Amino acid sequence: MVKKVVTIDGPAGAGKSTVAKTLARRLGYSLLDTGAIYRSVALVANQQAVPWDDAARLAEVARDLAIEFKFVGDLNSTFVAGEDVSSAIRTPEISQGASQVSAHGPVRAALLDLQRRLGSAGGVVVEGRDTGTVVFPDAEAKFFLSATDEERARRRVEELRLAGKPVDYDVTLAEIRERDHRDSSRDVAPMKAAEDAVVIDSSTMSIDEVVDAMVDAMAARRG
Ligand code: DC
């Protein structure tokens, strides 16, 4: 069977990463986390004192980004210039930075080929905001995963608490709303469901229920 591309788009905290990982394992596919790419651009920009509104210099950072993904144990880890940045790119500051750098057309253009190249072998589950609409418009299956703002904030607080980095619920909810607004209202490749995407609201679903729904939708489409 030809191995293809499955896209999962949606807002922060909808469960994309865990669902993508579980679905990839079930299908025997690899994983491509496009958010980690934008986050890495924000991180390098920060290290090089490039402001998040300087589109031209950010596009240079994006073009020069030496990014690799490797599994370290069970973790899909992100390396930039050989250094494991998996934790450094997950701070609230870099979350907002990634959202800001990703709104610039030249940055997105610089990263488009990279994303297509990383997914070119097929047999990959790709997660992000525009992977079904812009990056892989011909994907075999497309999903848009969402959940209520409150539930997404609750999950993010819990995730960071477990990681030993407790954050305030109200602050997190406000940050999530700010990021969603920016990601869905930008001019270039805004976050939205592709016309042929299956939309899933995960608010009251477990990870396994979401993945089951995806596998069923893929089977129904093939059948
Ligand atoms: O999925 P994430 O939270 O790791 O993504 C971080 C930011 O990167 C997100 O707020 C918007 C941006 N992003 C994007 O614009 N397009 C993508 N395909 C993936 C992420």
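Values quoted throughout were computed directly from the atomic coordinates according to the rules given, and no laboratory measurement underlies them. In this text the structure is predicted, and so the values were computed from the model without any measurement. Heads up, the Cβs are rebuilt from the backbone with ideal geometry, glycines too, and the neighbour counts pull from every protein chain shown.
Report the normalised scattering of the stretch 109-158 as log10 I(q)/I(0) at q = 0.14 Å⁻¹, calculated by the Debye formula with identical scatterers on the alpha carbons. Those come out to -0.48, one per q. Applying 1/(1 + (r/R0)^6) with r as the Cβ-Cβ distance of Thr91 and Glu150 and R0 = 35 angstrom yields a FRET efficiency of 0.95. Here, P(r) means the percent of Cα pairs in each 5 Å bin from 0 to the largest distance; for the chain it is 1, 7, 15, 20, 21, 18, 12, 5, 1, 0, 0. Once you sort the root eigenvalues of the Cα gyration tensor of the stretch 1-116 as a ≥ b ≥ c, which label holds: rounded (a/c under 1.5), prolate (a/b larger than b/c) or oblate (the other case)? It is prolate, given that a/c is not under 1.5 and a/b is the larger ratio. Pairs spanning more than 21 Å between alpha-carbon atoms, out of Lys16/Lys142; Lys21/Lys165; Lys16/Lys192; Lys70/Lys192; Lys142/Lys165: Lys21/Lys165; Lys70/Lys192; Lys142/Lys165. Once the C-beta distance of Glu68 and Glu209 is scaled by a Förster radius of 41 Å, the resulting FRET efficiency is 0.80 to the nearest 0.05. Dividing the Cα radius of gyration of the stretch 1-44 by its Kirkwood radius returns 1.03 for Rg/Rh.
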